[in-house]
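Below: one structure, written as structure tokens.
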Amino acid sequence: MATTNLIDKLVENSQFAYVPYSHFPVSALLVTKSGEIYTGVNIENASFGLTNCAERTAIFKAVSEGVLDFTEILIYGETEQPISPCGACRQVMAEFFNPDLKVTLVAKDKSTVETTVGELLPYSFTDLK
Ligand code: THU
């Protein structure tokens, strides 16, 4: 799927964010090596610490279906400047993505910043061996 179509789908998916506390919807869209798409939104909880970010929702949806090979992830927030993933999501991304996996951060006006997992979390902790 072309990047503009991925961005349109990413932005549209933002409507499903469950954000009664922050009112700050975030959407993520993960593309698999076979061309499938997994979307995610942030899902908040009255016990705030239980909130699941959009990125982790998308990743966990894919992994829970046995899908482990990805080509890129796009992340959207309704902000002037593109939002950047939180530390917890960067660590989860480092677990499942190669350091060179493309990460596209998308702002409210659909402008983008491109980065990689390795740039977001250099020298990461990846395994116990
Ligand atoms: N949030 C995400 O979903 N992804 C991020 O990368 C940053 C923060 C969510 C968590 C919470 O629901 C809201 O944004 C405000 O922090």
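No lab work stands behind these numbers, since they all come straight from the coordinates. All figures in this text were calculated on a predicted structure; none of them were measured in a lab. We place every Cβ from the backbone using ideal geometry, glycine too, and count neighbours over all the protein chains shown.
Just a few scattered comments:
- Scanning segment 77-127 for residues that are touching a residue at least 60 places away in the same chain (Cβ under 8 Å), closer than 26 Å to Gly49 by Cα and part of a loop (DSSP other than H, G, I, E, B) yields one hit, Glu78.
- The lone exception for Ala62 - which of (1) within 9 Å of the ligand (Cβ to nearest atom); (2) in contact (Cβ under 8 Å) with a residue 12 or more places away in the chain it fails: (1)
- When residues in segment 1-52 are screened for being aliphatic (A, V, I, L, M), within 14 Å of the ligand (Cβ to nearest atom) and in a strand (DSSP E or B), 6 of them pass.
- Segment 53-74 - residue that is part of a strand (DSSP E or B) and β-branched (Val, Ile, Thr) and, of those, farthest from Ala17 (Cα to Cα): Thr71
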